[in-house]
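Comments concern the structure below.
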Amino acid sequence: MNNSLSNVRDTLIQLIIPLTYEQLNWKPTQSNWSVAQVVLHVAEAEARFLKLVETAVQEKNSEVQQKWIFLK
């Protein structure tokens, strides 16, 4: 699983490297997210997910609680 996350991360990085500062921060409307905001969200979600998995693996009988996350 960690290898799959690394592959996705690497692909995402390769896709955004050529973008300019303006392209990264452009938003189609005020209420939409920019590419930079989406990438930051994905990075933060990945870190939280990996921490949950680490904790679950360390605690033999632990259960991972499912939680819905809604974006505004």
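Placing one equal scatterer on every Cα of region 2-58 and applying the Debye formula, the log10 ratio I(q)/I(0) at q = 0.14, 0.15 Å⁻¹ is -0.49, -0.55. Any chance you could give the angle, 0 to 90 degrees and rounded to 10, that helix 2-16 forms with the longest Cα principal axis of the chain? The two axes meet at around 10 degrees.
Once C-alpha pairs closer than 8 Å and six or more residues apart are averaged by separation and normalised to the residue number of the chain, the relative contact order reads 13 percent. Using Cβ point charges alone (K and R +1, D and E -1), the dipole size of region 2-58 about the Cα centre works out to roughly 100 debye. Length gained on full extension, ASN25 to PHE49: 6.1 nm, using 0.36 nm per residue less the C-alpha separation.
For region 10-62, the set of GluC sites (Glu not before Pro) satisfying both a DSSP loop assignment and a count of at most 13 other C-beta atoms within 10 Å is given as GLU59.
Only the coordinates and a few stated rules stand behind these numbers; no lab work does. These numbers come from a predicted model, not from an experiment. Heads up, the Cβs are rebuilt from the backbone with ideal geometry, glycines too, and the neighbour counts pull from every protein chain shown.
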